[in-house]
Amino acid sequence: MNRYPMFSPQQLLSFVAVCETGSFTRAADRVYLSQSTVSQQIRRLEESLGKPLLERTSHQVQLTEEGERLLGYARRIIALNGEAHDALSDQWPDGVVRLGVPEDFAAATTSLLAQFSRAHPHIRLDVTSGLSHELRRAWQQEMLDIILVKQLTGEKANASRPEPMLWLDSAAFPAFERDPIPLVLFPLNGLYREELCQALDALGRSWRISYSSASLAALVAASGAGLGVTLLPASCRLPEHRILGAESGLPPVDNVELALFYRPDATPAQIALAGKLKDFCKLC
């Protein structure tokens, strides 16, 4: 007997869709249900857990801490469901390759992944994008075969390269001069968050969290629009941004890297995909 209530796959699908789109309307389109049905499924999921998973406002939907914890599990449950079906069918005789990438590499790598799929038509490629700590946790639980993640330097990876970082503020609506300084950052456990807060503490500046999102694109847009100061990869800089340099007193951040991990017993197909990612990202 299972002493825990079973999660409904459809509720988890709707929950993940809302998290990834940031909207009940767009989530409903993705899962081919009405908006009211998606809302009802999320409500029932929250009631079954006895915890709020989403904070709803008129402008955005944000994950609560409990919602963030569930999101990684939900993605893995959905992926395992699909993998179980494939394992018992003849559709993918050469198996499944499960890849995890950060959000800012999800779109950039689509052409490479399409080429890989064409070269390996009998392999199912499952790609998950998310925060690096979520991908790392899934990797440790052997739910992913290959991961490309942002991490602090020091942990040995199969390949890596430095990730240049910038302190960014809005050029039109500067936030750094405000008191307290509004911050735009990832949720709890998100990379760069601790570095940002510690740097401001070292300057003796007071700060507050004005905008938090698991979406990198949302953070980039929010900081450019003037919602607050942020610390992000240099590749994320928009024309709307101004760079906060040495004159601000903020230290350079040079301890972040992009790292590639795959397992010692990786299959030839997994090694081939890892090699393509290594070349694409200029890792060594």
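The values are calculated or read from the model by the stated rules, or taken from the named source; none is laboratory data. Keep in mind that what you see is a predicted model, and the values were worked out from it rather than measured. Here Cβ is always computed from backbone atoms with ideal geometry, including for glycine, and neighbour counts include all displayed protein chains. What goes into the accessible areas is simple: the full protein's heavy atoms, side chains included, and nothing from ligands, DNA or RNA. Shrake-Rupley method; radii C 1.70, N 1.55, O 1.52, S 1.80 Å.
General observations
- The one condition from (1) modelled with pLDDT under 90; (2) in a loop (DSSP other than H, G, I, E, B) that A175 does not meet is (1).
- S213 modelled with pLDDT under 90, under 22 Å from L283 (Cα atoms) and of a type in the set (S, T, N, Q): no
- Every residue from the range 176-191 that is open to solvent by less than 10 Å² (accessible area, probe 1.4 Å) and either more than 23 Å from the chain's Cα centre (by Cα) or among the hydroxyl-bearing types (S, T, Y) (or both): I181
- Among the residues of the range 25-59, those that are assigned to a strand (DSSP E or B) and either open to solvent by 60 Å² or more (accessible area, probe 1.4 Å) or of a type in the set (S, T, Y) (or both) comprise E55, R56.
- Whichever residue in the range 192-228 is farther than 22 Å from Q151 by Cβ, in contact (Cβ under 8 Å) with a residue 40 or more places away in the chain and assigned to a loop (DSSP other than H, G, I, E, B) and, among such residues, is most open to solvent (accessible area, probe 1.4 Å): L227
- Neighbours by Cβ (under 6 Å, 6+ apart or cross-chain): first from the range 71-97, farther than 19 Å from V16 by Cβ and among the acidic types (D, E); second at pLDDT 70 or above and open to solvent by 40 Å² or more (accessible area, probe 1.4 Å): D94/H122
- Residues in the range 3-21 that are touching a strand residue (DSSP E or B) at 6+ places or on another chain (Cβ under 7 Å) and either open to solvent by less than 30 Å² (accessible area, probe 1.4 Å) or among the basic types (K, R) (or both): V18 alone.
- Boolean, A84 is open to solvent by 40 Å² or more (accessible area, probe 1.4 Å), modelled with pLDDT of 85 or more and either of a type in the set (G, A, S) or outside any helix (DSSP H, G or I) (or both): no
- Reported count of residues in the range 110-141, each being without any contact (Cβ under 8 Å) to a residue 12 or more places away in the chain and crowded, with 19+ Cβ neighbours inside 10 Å, is 0.
- Tally of residues being open to solvent by less than 20 Å² (accessible area, probe 1.4 Å) and in contact with a Phe, Trp or Tyr (Cβ under 8 Å, 6 or more places away or on another chain) across the range 271-281: 3
- Assessment of the range 136-145 against the conditions (out of contact with any strand residue (DSSP E or B) (no Cβ under 9 Å at 6 or more places or on another chain), modelled with pLDDT under 90 and either among the aliphatic types (A, V, I, L, M) or farther than 28 Å from G67 by Cβ (or both)) yields no matching residue.
- Whichever residue in the range 229-270 is closer than 25 Å to L203 by Cα, open to solvent by 20 Å² or more (accessible area, probe 1.4 Å) and among the β-branched types (V, I, T) and, among such residues, is modelled with the lowest pLDDT: V253
- Taking the criterion of being surrounded by fewer than 19 Cβ atoms within 10 Å (Cβ to Cβ) and under 17 Å from the mean Cα position of the chain (by Cα), the only residue of the range 142-175 that qualifies is L152.
- Hits in the range 127-172 - residues which are in contact with a Lys or Arg (Cβ under 9 Å, 6 or more places away or on another chain), part of a strand (DSSP E or B) and closer than 14 Å to L283 by Cβ: I146, I147, V149, Q151, A159, R161
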